[in-house]
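Only one structure is covered here, and it is reproduced in the block below.
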Amino acid sequence: MASNPTKIALISVTNKNGVIDFAKGLAKLSFKILSTGGTAKLLRDAGISVTEVADWTKSPEVLGGRVKTLHPMIHGGILADRTVASHINDMERMGWTGIDVVAVNLYDFAGEAQSKNLILDKAIEFIDVGGPTMLRAAAKNHLYCLPVIDPTDYNDVLKQYHDGSPTPQFRRLLASKVFAATAAYDNMIAKFFAGALTTTAPADSWPQEKIQSLQLQGALRYGENSHQKAAFYSFSDSPKEGLGAAQFLQGKDLSYNNYIDLDAASAIVADLSPVPSMTIVKHTNPCATAQSQTLSPQDLFALALSGDPKCAFGGIVASNIPINEQAAHAMNEIFLECVIAPDYSPEALAIFSAKKNLRVLKSNAVLKVGQVKESTVQWRSINGGMLAQTADAVTQKPTSWTCVTKAKPTEEMLAELSFAMTLCKHVKSNAILVAAGQKSIGVGAGQMSRVDSARFALEKAVELGHNVKGAVMASDAFFPFRDTVDTAAKFGIAAIVQPGGSLRDQESIDAANENGLVMMMTHARHFKH
């Protein structure tokens, strides 16, 4: 069996895309086709001569189809090294023939079990056993049995055989794809099993080993700076969501920074949902944001933009409502890098098309359904490892806050404070946000001193012509000293919301009482590093 007189290809696929043309191409190259079940029927109905694996092995499918290809004749044919005399002797003694191509892809566990939230007992029926076994065997013996898991490789396989025989480099490439794919498949199933154990696992437990399966979505224009390379990967072991599921409608290719800002902007308007909201983000911070139950899209954008029209230049716009023609006209009047929304009118897209470089994306990530859950794990790389944390999914509930001052808030003031703290949660620490009329009018982000953040936000609001008197202020963490409250009072701030928890809380409360301010404590910090 050093060289099969007739080459043999075993084809058994879940993803039927292109398989008929692939099998026809192999048949033209004088391959004998082995197959199973639905794939065999599909090929036979297309006029391709097919031998069922059960007929080849003289062993019927058993256990309801769980055992079809798990047979020594199949795996001997896949694993035989055709340069080893003992392998050749064993094959001849057993009357087995070498298999030259294994074209297999796996049961759609993600689509059938994971996305349908099947219970474990039902989900296990979509765990492929024979497929990974054959593929791993072929990948191990790739110099003699070509493993093909990706339908996009079908044409290249046919070309390689048409030109003589697949090169060792091509064989290694396909083998590496198989091992990557089967590892991702096993990881997806492991995650499903882990999810089934969450009710019995300690609430603060973390897995001892974590394998993250990622799929390349494409190279990016560049990284944080033009001399850095960058790429976008989606999680291959779970359904696409967020920006991984966004539709890119027009514009220049996205950069690393674009994705970071789009993610930040989407999270803000998702957090503000279901109230119609728009935000303009620069360097992950919301420089201009507004919400309204009554305004049209164009007026809502105008309200947001009025918060800080200077910093909005070159920003990223996110909206949790569809963009209409008038809103698109308004957005086109300033330079923007990207716009992301759940939908667009045809007229809006036609208007945006006049700006060829403007990136326009359609995504549900801007809606409440796209908001992160408390169980969502966020990953961040550092030198030498990865950090993991559950997402900051705390929503603002003024009814659970504590009023610590003599002055008490009105319902309207509580709504304003809730808006301000929701937005402040998305600002880089130390974060201070000033709001009035359901829009941001001053933002202090990333300062090393909280009072400096407050001073910057308030002075910025005044510089932009906003009336700070009667506005509200939110802080992402407690005040270490009373100086921030005193500064807010000098500018006319009427109410402050902060987590509380400082050893000097009483000093800040005293400062608020001395100046007639309302102070609410949320008991939940929102650092964002």
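Would you say ASP271 is in a loop (DSSP other than H, G, I, E, B) and among the acidic types (Asp, Glu)? Spelling it out, it is not the case that ASP271 is in a loop (DSSP other than H, G, I, E, B) and among the acidic types (Asp, Glu).
Determine which member of the set GLY98, GLY130, GLY111 is at negative phi, at pLDDT below 70 and not acidic (Asp, Glu).
GLY111
Looking at the stretch 161-185, which of its residues are of a type in the set (Lys, Arg) and within 23 Å of the chain's Cα centre (by Cα)? Step through it out loud before you land on a result.
In the first step, residues of the stretch 161-185 are kept if they are of a type in the set (Lys, Arg); the result is 171-172, 177.
Within the stretch 161-185, just LYS177 meets the criteria.
Per the listing LYS490, LYS397, LYS439, the residue uniquely among the basic types (Lys, Arg) and touching a strand residue (DSSP E or B) at 6+ places or on another chain (Cβ under 9 Å) is LYS439.
Determine whether PHE31 is in contact with a strand residue (DSSP E or B) (Cβ under 6 Å, 6 or more places away or on another chain) and crowded, with 16+ Cβ neighbours inside 10 Å. First the steps, then the outcome.
Values: in contact with a strand residue (DSSP E or B) (Cβ under 6 Å, 6 or more places away or on another chain): yes; crowded, with 16+ Cβ neighbours inside 10 Å: yes.
For PHE31, the condition - in contact with a strand residue (DSSP E or B) (Cβ under 6 Å, 6 or more places away or on another chain) and crowded, with 16+ Cβ neighbours inside 10 Å - is met.
All of ILE316, ILE351, ILE321 fail the test of being out of contact with any Pro (no Cβ under 8 Å at 6 or more places or on another chain) and closer than 25 Å to GLU241 by Cα, apart from ILE316.
Annotation: of all residues in the stretch 330-354 being in contact (Cβ under 8 Å) with a residue 40 or more places away in the chain and either part of a loop (DSSP other than H, G, I, E, B) or aromatic (Phe, Trp, Tyr) (or both), the one that is nearest to GLY315 (Cα to Cα) is PHE352.
Does LEU387 meet the test of being in contact (Cβ under 8 Å) with a residue 40 or more places away in the chain and within 30 Å of HIS529 (Cα to Cα)? Considered against the rule, which asks whether it is in contact (Cβ under 8 Å) with a residue 40 or more places away in the chain and within 30 Å of HIS529 (Cα to Cα), LEU387 comes out as no. Selection within the stretch 232-262: residues that are surrounded by fewer than 18 Cβ atoms within 10 Å (Cβ to Cβ) and of a type in the set (D, E, K, R). The member of this set that is farthest from ALA184 (Cα to Cα) is LYS252. Find the residue count for the stretch 259-277, including only residues that are touching a strand residue (DSSP E or B) at 6+ places or on another chain (Cβ under 8 Å) and small (Gly, Ala, Ser). Final tally of qualifying residues: 4. Scanning the stretch 45-98 for residues that are touching a residue at least 40 places away in the same chain (Cβ under 8 Å) and not in a loop (DSSP other than H, G, I, E, B) gives VAL53, VAL67, ILE74, HIS75, GLY77, ILE78, LEU79, ILE88, MET91, GLU92.
For the stretch 119-155, the set of residues classified as assigned to a loop (DSSP other than H, G, I, E, B), exposed (fewer than 14 other Cβ atoms within 10 Å of the Cβ) and polar (S, T, N, Q) is empty.
On the given criteria, is GLY500 touching a residue at least 24 places away in the same chain (Cβ under 8 Å), within 36 Å of the chain's Cα centre (by Cα), in a loop (DSSP other than H, G, I, E, B) and within 18 Å of PRO409 (Cβ to Cβ)? Reasoning before the result, please.
Details: touching a residue at least 24 places away in the same chain (Cβ under 8 Å): yes; within 36 Å of the chain's Cα centre (by Cα): yes; in a loop (DSSP other than H, G, I, E, B): yes; within 18 Å of PRO409 (Cβ to Cβ): yes.
Yes; evaluated as a whole, the condition is true for this residue.
Selection of the stretch 281-301 for residues being in contact with a Pro (Cβ under 7 Å, 6 or more places away or on another chain) and in contact (Cβ under 8 Å) with a residue 40 or more places away in the chain yields GLN291, SER292. ASN383 fulfils the conditions (1) in contact with a strand residue (DSSP E or B) (Cβ under 9 Å, 6 or more places away or on another chain); (2) farther than 21 Å from MET521 by Cα; (3) not hydrophobic (A, V, I, L, M, F, W, C) except for a single criterion, (1).
The values are calculated or read from the model by the stated rules, or taken from the named source; none is laboratory data. Being a predicted model, the structure only gives us computed values, none of them experimental. We place every Cβ from the backbone using ideal geometry, glycine too, and count neighbours over all the protein chains shown.
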